[in-house]
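To start, the structure itself, in structure tokens.
The values are calculated or read from the model by the stated rules, or taken from the named source; none is laboratory data. The model shown is predicted, which means the values in this text are computed figures rather than measured ones. Note: ideal-geometry Cβ built from the backbone for every residue, glycine included; neighbour counts use all protein chains shown. To get the accessible areas, we keep the full protein, side chains included, count just its heavy atoms, and leave off ligands, DNA and RNA. Shrake-Rupley method; radii C 1.70, N 1.55, O 1.52, S 1.80 Å.
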Amino acid sequence: MAEPAKPYGLLAEFETPADAMHAAERVRDAGFRRWDVFTPYPVHGMDKAMGLKNSVVGWFSFLGGVAGYTSGMLLIWWMNHYDYAIPVGGKPLFSPFSAFPPSYELTILFGAFGALFGMLFLNRLPRLHHPLLKHRRFALASHDRFFLVIETNDPKYRDTETRQLLESAGSRRIEMVED
Amino acid sequence: MGATAKLEVPCPVPPPELERVPLVANTRSLGWISDAVAGVAEGKTPKWWWPAFLISLVMMCLCFAMITYLMSTGVGVWGLGHPVMWGWAIVNFVWWIGIGHAGTLISAILFLLRQRWRTGVNRAAEAMTIFAVMCAGIFPVIHVGRIWLAWWLFPIPNANSIWPQFRSPLMWDVFAVSTYFTVSVLFWYMGLIPDLAVMRDRARTRLRKFGYGLFALGWTGSNRHWSHYEKAYLILAGLSTPLVLSVHSIVSLDFAVSQLPGWHTTIFPPYFVAGAIFSGFGMVLTLLIPIRKLCGLEDLITMRHVDLMCKVTLATGSIVGYAYAMEVFIAWYSGNPYERYAFWNRAFGPYWWSYWIMIACNVVIPQLFWFKKVRHHLVVVWIISILVNIGMWFERFVIVVTTLAREFLPANWGYYTPTWVDICTYLGTFGLFFTFFLLFLRFLPIIAIAEVKGVTPQADPHHPLGGAKKGGH
């Protein structure tokens, strides 16, 4: 009970997207690793300012699509050719042309699942608890404010220097968030 | 003349009449957008909502009552009979599913085309898609006669050890429509996640905080998350685009793969897709023109949005008109007497009235949208949008009924009339649609908050309103 709250990170608030982006560029150049920017909408150019790589979500979707197409074709071949053959007018039992439309739809279906669940997996969502969501002012991150958080367990984190960096980047309100 | 000399690129300021109308009127702030949209779901229930909801609920019960009557008695309660075995049920199915297509066009195709105005209308249009596909899905299922065996349409092992025949376009339809519904829900839900977080962060009561929080999945607005999110959204848009084109193409193949005159034509897939988008935009206008007024969202769904949607309606309506003309031309040019008769019969046979309602509502009346005065008169736009819906319903009626009523042998000819059960089931699906739509209006953000914020100038870090200093960022 009496255990003192552990610090989670320094939360710096910004008024405009431009300020948040300049601050992100400076934090990126300072070599921090465990930090993030929180914005009410995706800010154009912020990925570059943070030095993020291209998202790999596409691979999940691609694998989903391949799985969908293959399973569609195999399903129809197995059902209409192998397990219960339906001979019609001496035509081949399996025709890729008539099997294509359902397989095409399954490609899209599994690809879409891959995109959504891949995104959730890469973001480690859903999560029921986050230290920032307990913070009083952080609710504004979905409203009209921009926040930059540097976690205390970042190897480069130093109490005073990091705070000074964020101050010099133009944040007027810097607070420590507890875990 | 050193290489270092900077070239002064002449960049005159455009005259005010050439500047684009902003997507959010009155330069509203980012916070205002949250307040306005979330306020619709958070505020007191408006007076108009309850009567609208109760009427919809009663009509939805009518739909279920009619289905119960149909199931307990048999398809004989409908007007179906030899030779017209596809009546209103299939007409309504194609009509409802076509309406859904505008939602996907707005959310996916316009996203890929970087049409930023879509953000104001995409959420409501996607909701419309989902509810319209729900209404559509009812009809083929109850139309099969023995509804308790409808699950045979799915590849589920059954006691007879028989699998579905995948050569049939009706099977393709099962896959197309169920995929369309699922992917539309995924796309809609993914767009909702950041906005559900907005609702969670604003919630005052524990219940709302819990409910919105649960479905927001712990979204924080982290840029690392946005990065994956935007990529996934782009991929979903890229997947939904071929999906929406394929769904109505496959619906059209239900007809085109058969050998009947008037159905067996190659123009059907593109013509059905254009018609679907045309009718869907009609429905989007029918819904959004009253909503923007009733919910006070005129600054977010501006006259520019209405104007652009009218233009899409005009374009797709003209494509549909071209398709009608081409069908008639090919019928004549083919030299096939059955094909020629099918089209002669459509225009001058016993169902001539439905053909000319279709031509008037789909081809003639939307041409009024060439005039800016018409596009900016909300009442006129609203009336035209309803006429578009009526016209597109008659298009499907013309296709389904006229061909079946008079096919090859005159001995097989007949005349089809619906019964009161047909009519009440169709009216009942409006109840289903509006019940869900009104619940959506009361509980979810009806405009994509995060996306609309992203298209304002103050959201752009390179714009002076977004805090950019003069001379670069």
| Could you say whether any residue in region B:86-106 is hydroxyl-bearing (Ser, Thr, Tyr) and either touching a Gly at 6+ places or on another chain (Cβ under 8 Å) or more than 22 Å from B:PHE437 (Cα to Cα) (or both)? | no
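Per-residue answers, yes or no, for (1) over 16 Å from the mean Cα position of the chain (by Cα); (2) open to solvent by 10 Å² or more (accessible area, probe 1.4 Å):
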| site | (1), (2) |
| --- | --- |
| B:ARG224 | yes, yes |
| B:THR265 | yes, yes |
| B:GLY275 | no, no |
| B:GLY280 | no, no |
| B:LEU287 | no, yes |
| B:ASP299 | yes, yes |
| B:MET303 | yes, yes |
Taking first residues from region B:224-238 that are at the interface with another protein chain (Cβ under 7 Å from one of its Cβ atoms) and second residues anywhere that are open to solvent by less than 10 Å² (accessible area, probe 1.4 Å) and not in a helix (DSSP H, G or I), the pairs with Cβ under 6 Å that are 6 or more apart or on different chains are B:HIS225/A:ASN123; B:HIS228/A:ASN123
Across (1) in contact with a helix residue (DSSP H, G or I) (Cβ under 8 Å, 6 or more places away or on another chain); (2) hydroxyl-bearing (Ser, Thr, Tyr); (3) open to solvent by 10 Å² or more (accessible area, probe 1.4 Å), B:TYR338 clears everything bar (1)
Reported set for region A:46-63 where residues are open to solvent by less than 30 Å² (accessible area, probe 1.4 Å) and farther than 21 Å from B:GLY238 by Cα is A:MET46, A:ALA49, A:MET50
Within region A:153-170, restricting to residues that are part of a loop (DSSP other than H, G, I, E, B) and either within 18 Å of the chain's Cα centre (by Cα) or more than 15 Å from A:THR16 (Cα to Cα) (or both), the one that is farthest from the other protein chains (Cβ to nearest Cβ) is A:ARG158
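Here is a check on your reading of the model: is A:VAL66 at the interface with another protein chain (Cβ under 10 Å from one of its Cβ atoms), under 23 Å from the mean Cα position of the chain (by Cα), open to solvent by 40 Å² or more (accessible area, probe 1.4 Å) and of a type in the set (Val, Ile, Thr)? Don't jump to the end; show me each part of the working.
Numbers: at the interface with another protein chain (Cβ under 10 Å from one of its Cβ atoms): no; under 23 Å from the mean Cα position of the chain (by Cα): yes; open to solvent by 40 Å² or more (accessible area, probe 1.4 Å): yes; of a type in the set (Val, Ile, Thr): yes.
In short, no.
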Check: Can you find even one residue in region A:11-19 that is modelled with pLDDT under 95, within 20 Å of B:HIS228 (Cα to Cα), within 11 Å of chain B (Cβ to nearest Cβ) and surrounded by 14 or more Cβ atoms within 10 Å (Cβ to Cβ)?
Finding: yes
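Can we say B:THR402 is in a helix (DSSP H, G or I), in contact with a Lys or Arg (Cβ under 6 Å, 6 or more places away or on another chain) and in contact (Cβ under 8 Å) with a residue 40 or more places away in the chain?
Numbers: in a helix (DSSP H, G or I): yes; in contact with a Lys or Arg (Cβ under 6 Å, 6 or more places away or on another chain): yes; in contact (Cβ under 8 Å) with a residue 40 or more places away in the chain: yes.
Considered against the rule, which asks whether it is in a helix (DSSP H, G or I), in contact with a Lys or Arg (Cβ under 6 Å, 6 or more places away or on another chain) and in contact (Cβ under 8 Å) with a residue 40 or more places away in the chain, B:THR402 comes out as yes.
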Taking region B:47-74 and keeping residues more than 26 Å from the chain's Cα centre (by Cα) and part of a loop (DSSP other than H, G, I, E, B) leaves B:LYS47, B:GLY74
Within region A:121-152, residues more than 7 Å from chain B (Cβ to nearest Cβ) and open to solvent by 20 Å² or more (accessible area, probe 1.4 Å) come out as A:PHE121, A:ARG124, A:HIS129, A:LYS134, A:HIS135, A:ARG136, A:ARG137, A:LEU140, A:ARG145, A:GLU151, A:THR152
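Out of the residues in region A:20-45 that are among the small types (Gly, Ala, Ser) and closer than 20 Å to A:VAL177 by Cβ, state the one that is most open to solvent (accessible area, probe 1.4 Å).
Result: A:ALA30.
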Counting only residues in region A:96-120 that are out of contact with any Gly (no Cβ under 7 Å at 6 or more places or on another chain) and open to solvent by 30 Å² or more (accessible area, probe 1.4 Å), the one farthest from the other protein chains (Cβ to nearest Cβ) is identified as A:PRO96
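Do you know which of the residues in region A:134-146 that are more than 17 Å from the chain's Cα centre (by Cα) and not in a loop (DSSP other than H, G, I, E, B) is nearest to B:TYR212 (Cα to Cα)?
It comes out as A:ALA139.
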Is it true that some residue in region B:440-448 is free of Cβ contacts under 8 Å to residues at least 60 places away in the same chain, open to solvent by 10 Å² or more (accessible area, probe 1.4 Å) and in a helix (DSSP H, G or I)?
-> no
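Yes/no per residue for (1) crowded, with 18+ Cβ neighbours inside 10 Å; (2) more than 10 Å from chain A (Cβ to nearest Cβ); (3) closer than 28 Å to B:LEU285 by Cα; (4) under 28 Å from the mean Cα position of the chain (by Cα):
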position	(1), (2), (3), (4)
B:TRP152	no, yes, no, no
B:PHE166	yes, no, no, yes
B:SER184	yes, no, yes, yes
B:TRP188	yes, yes, yes, yes
B:LEU192	yes, yes, yes, yes
B:ARG202	yes, no, no, no
B:GLY213	yes, no, no, no
- B:ARG20: among the basic types (Lys, Arg) and under 28 Å from B:MET190 (Cβ atoms), yes or no? no
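Given the criteria polar (S, T, N, Q) and open to solvent by 70 Å² or more (accessible area, probe 1.4 Å), does B:THR417 qualify? Full working, then the answer.
Values: polar (S, T, N, Q): yes; open to solvent by 70 Å² or more (accessible area, probe 1.4 Å): yes.
When the stated conditions are applied, B:THR417 passes them.
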Exactly one of A:GLY68, A:GLY114 is under 20 Å from B:PHE175 (Cβ atoms), in a helix (DSSP H, G or I) and in contact with an Asp or Glu (Cβ under 9 Å, 6 or more places away or on another chain), and that one is A:GLY68
Note on region B:359-383: residues closer than 12 Å to B:GLY317 by Cα and open to solvent by less than 50 Å² (accessible area, probe 1.4 Å) are B:ILE359, B:ALA360, B:CYS361, B:ASN362, B:VAL363, B:ILE365, B:PRO366, B:PHE369
Taking region B:168-182 and keeping only residues that are of a type in the set (Ser, Thr, Tyr) and either open to solvent by 10 Å² or more (accessible area, probe 1.4 Å) or free of Cβ contacts under 8 Å to residues at least 24 places away in the same chain (or both), one is left with B:SER168, B:SER178, B:THR182
